[in-house]
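Notes for the one structure printed next.
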Amino acid sequence: MIDGLRVAVVVPAFRVAREVPDVVKAMPAAVDLVIVVDDCSPDDIAGALKPIADPRLRLVRHEVNQGVGGATVTGMLTAIEEGADVVVKCDGDGQMDPADIPRLIAPIASGAAEHVKGSRYHHARELAAMPRGRLIGNIGLTFLTKLCSGYWNVLDPVNGFFATRTDTLARLPLDQLARRYFFETDLLIRLNIVEARVADMPQPARYAGEPSSLSIRRALFEFPWQLLRGLVRRVFWRYLFYDVSPVAVFGITGALLAAFGGCFGAWQWIVHAMQHVPTPLGTIMLAALPLLFGGQLLFQAVILDIANTPRASVRTSALIPRLRSARGCAELAAAESSSFAPHSEREASAPPSSARPNASSSER
């Protein structure tokens, strides 16, 4: 247990037979249950885990691939059946450090939040290790995800390293969550509807040069439609169904006015351009006024939505691990940078144990 909470870690596994054993072995001793979900992986996940004699380990296999979301939901349901208080999602590719799990759970244990996400953007030094394509794509998706999820205070909403209370998960329609790459965003949207408090837990970005799985086609054609659907769903349930709010009134009215002004103005511009005559001033104003007024209403709806963000009662800066000395900071930076070097190179550069100084430990 961690702080009196029974913790289950869900590890979705697909094409990670080489990495997942190290992830399982790195689980803190305080974790009560490790659930690896083999999402119909073509490599031998079961064979890779067979040598691990850990009584906490559970292996669940899908006969049909369901995506990262489907695998995580299966693990969540298994954790709830096993009586877990908190479910942690940790990917099987080694990009998330299981040693961060106690810090991830701390705001939940203190009652400050119901859902805590890892955030890679609080460590500027480690961002240099993130592939450029992944970084640019994540920045764009971050703003759109903030808009559709309503969690404007979450810096890295697309991060898949998170912890959630099981009693909060029980309030969500888990069977309706997105099954693939939209899963994390869809989960945030559902959490916002039930007004769950979400906190960031700063963590370093851990990448070793592998290609990004972010698809340009998916980002351009699938995500915008899914984000729009998620935004409409959230506004309807939270600001109309459960409680009529100015956010919905301003948002719906502003969207209708802006859409009318934009469409009417474009149509009139095309018609008069084809006739080679100038557009009358009255027609221009008829299109411009609804467009401007609608835009102002939409902007006001966004401001009110930001003000209504369910906020955790803990500052993100309080979750950043602090070192006890400047010397410890320098040694931690050297240790983290060396983690990206080849194993043999690290061994060659390591001094003898008798010559190593006693480094100050961090509060992690």
When the residues of the range 72-95 are narrowed to those that are farther than 12 Å from residue 10 by Cα and touching a strand residue (DSSP E or B) at 6+ places or on another chain (Cβ under 7 Å), which ends up modelled with the highest pLDDT? 85
Kindly list the number of the only condition in (1) modelled with pLDDT of 70 or more; (2) within 18 Å of residue 98 (Cα to Cα); (3) outside any loop (DSSP other than H, G, I, E, B) that fails for residue 160. (3)
Given the conditions (1) farther than 22 Å from residue 228 by Cβ; (2) modelled with pLDDT of 75 or more, every one holds for residue 150 apart from (1)
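Taking the options 292, 257, name whichever one is part of a helix (DSSP H, G or I), surrounded by fewer than 18 Cβ atoms within 10 Å (Cβ to Cβ) and among the hydrophobic types (A, V, I, L, M, F, W, C). Talk me through it step by step, then tell me what you get.
Numbers: 257 fails: surrounded by fewer than 18 Cβ atoms within 10 Å (Cβ to Cβ).
Unique residue meeting the criteria: 292.
Please determine whether any residue of the range 58-72 is touching a Lys or Arg at 6+ places or on another chain (Cβ under 8 Å) and over 27 Å from residue 202 (Cα atoms).
From the range 58-72, those touching a Lys or Arg at 6+ places or on another chain (Cβ under 8 Å) are 66-70, 72; that's our starting set.
Now narrow it down to the ones that are over 27 Å from residue 202 (Cα atoms): 66.
The answer is yes, given that some residue of the range 58-72 is touching a Lys or Arg at 6+ places or on another chain (Cβ under 8 Å) and over 27 Å from residue 202 (Cα atoms).
Name the single residue that is farthest from residue 86 (Cα to Cα) among those in the range 9-26 being among the aliphatic types (A, V, I, L, M) and without any contact (Cβ under 8 Å) to a residue 60 or more places away in the chain.
Residues of the range 9-26 among the aliphatic types (A, V, I, L, M): 9-11, 13, 16-17, 20, 23-24, 26.
Then drop every residue that is not without any contact (Cβ under 8 Å) to a residue 60 or more places away in the chain, which leaves 17, 24.
Values: 17: 26, 24: 18 Å.
Among those that are among the aliphatic types (A, V, I, L, M) and without any contact (Cβ under 8 Å) to a residue 60 or more places away in the chain, it is 17.
Can you tell me which residue in the range 184-234 is modelled with the highest pLDDT, limited to those that are among the polar types (S, T, N, Q) and farther than 30 Å from residue 103 by Cα? Let's see the steps before the verdict.
Start the filter on the range 184-234 by keeping residues that are among the polar types (S, T, N, Q), which leaves 185, 192, 203, 212-213, 215, 226.
Checking which are farther than 30 Å from residue 103 by Cα leaves us with 215, 226.
Working: 215: 55, 226: 89.
Looking at residues that are among the polar types (S, T, N, Q) and farther than 30 Å from residue 103 by Cα, I get 226.
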Specify the residue that is surrounded by the most Cβ atoms within 10 Å (Cβ to Cβ); the eligible residues are those in the range 27-52 that are free of Cβ contacts under 8 Å to residues at least 24 places away in the same chain and part of a loop (DSSP other than H, G, I, E, B). 50
Among the charged types (D, E, K, R), closer than 20 Å to residue 169 by Cβ and surrounded by 14 or more Cβ atoms within 10 Å (Cβ to Cβ) - does that describe any residue in the range 12-25? no
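The values are calculated or read from the model by the stated rules, or taken from the named source; none is laboratory data. Predicted, not measured: the structure shown is a model, and the values here were computed from it. No Cβ is skipped: glycine too gets one built from the backbone with ideal geometry, and neighbour counts run over all protein chains shown.
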